[in-house]
Amino acid sequence: MIKLSNVSKIYQSGSTEIRALDQVNLEIKKSEFAVVLGPSGSGKSTLLNLIGGMDVVSEGVIEIDGENISIKSAAEMEKYRRDMIGFVFQFYNLIPSLTVRENVDIVTSLTKGHLDVDEIIDSVGLGERKSLFPFNLSGGELQRLSIARAVVKKPKILLCDEPTGALDTKTGIRILKLLKETAKDHGITLIIVTHNS
């Protein structure tokens, strides 16, 4: 379970204090599907970065399965991100010189207990495109590839930051359905942030 207790994230911009998050309390159960809606600049990405261990809280506590990640060392946070978290971003962050299969396979060298690379690629509908490079793929295919790459490591939590933001509505709906089905099939807690309702 993910539990945030009175979590705040404060940034300094000169003498101005910016509260990206202010006293947030939230609980998300294991294998649950949660959507965080809000306009640009409302702290949605900050929330994901804190849960994902990419940033640290200014105030409050974040617990994952009862463990306070707010007090972990840098090395412990790196292990937490590697073992527990999968990220899917609006912009795909793929390696252009690697094929579809290689982009997914590279993640498995960093993790233990990962899923089968070819099965995951097939499950996102890219089985016939394994030998292609990212520049040969459509926007929807690129996003499916980034989902496969995030899921193959078998994360406990999958964090998606505007995963449909660069896609047309029809493709976006398919991507959301794929995310939900993939998370359900593998018992992954799924959190999506978006400005779209």
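Summary of values
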{"item": "Selection within the stretch 6-58 - free of Cβ contacts under 8 Å to residues at least 24 places away in the same chain, under 22 Å from residue 86 (Cβ atoms) and of a type in the set (Val, Ile, Thr)", "result": "56"}
{"item": "Per-region count, the stretch 39-61, residues among the small types (Gly, Ala, Ser) and touching a Lys or Arg at 6+ places or on another chain (Cβ under 8 Å)", "result": "4"}
{"item": "Which listed residue is crowded, with 18+ Cβ neighbours inside 10 Å and without any contact (Cβ under 8 Å) to a residue 40 or more places away in the chain, from 174, 149, 144", "result": "144"}
{"item": "Set 109, 123, 138: member being exposed (fewer than 15 other Cβ atoms within 10 Å of the Cβ) and either touching an Asp or Glu at 6+ places or on another chain (Cβ under 9 Å) or at pLDDT below 90 (or both)", "result": "109"}
{"item": "Those residues of the stretch 79-105 which are touching a residue at least 12 places away in the same chain (Cβ under 8 Å) and part of a helix (DSSP H, G or I), in sequence order", "result": "80, 81, 82, 83, 84, 100, 101, 103, 104, 105"}
{"item": "Among (1) in contact with a Lys or Arg (Cβ under 9 Å, 6 or more places away or on another chain); (2) assigned to a loop (DSSP other than H, G, I, E, B) - the single one residue 36 does not satisfy", "result": "(2)"}
{"item": "Residues that are within 19 Å of residue 105 (Cα to Cα) and among the polar types (S, T, N, Q), drawn from the stretch 149-197", "result": "182"}
{"item": "Enumeration of residues in the stretch 35-80 that are among the hydrophobic types (A, V, I, L, M, F, W, C), farther than 22 Å from residue 188 by Cα and surrounded by 15 or more Cβ atoms within 10 Å (Cβ to Cβ)", "result": "56, 57"}
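The values are calculated or read from the model by the stated rules, or taken from the named source; none is laboratory data. A quick note: this is a predicted structure, and the numbers were derived from the prediction, not measured. When we count neighbours, we look across all protein chains shown, and the Cβ atoms used for this are built from the backbone with ideal geometry, even at glycine.
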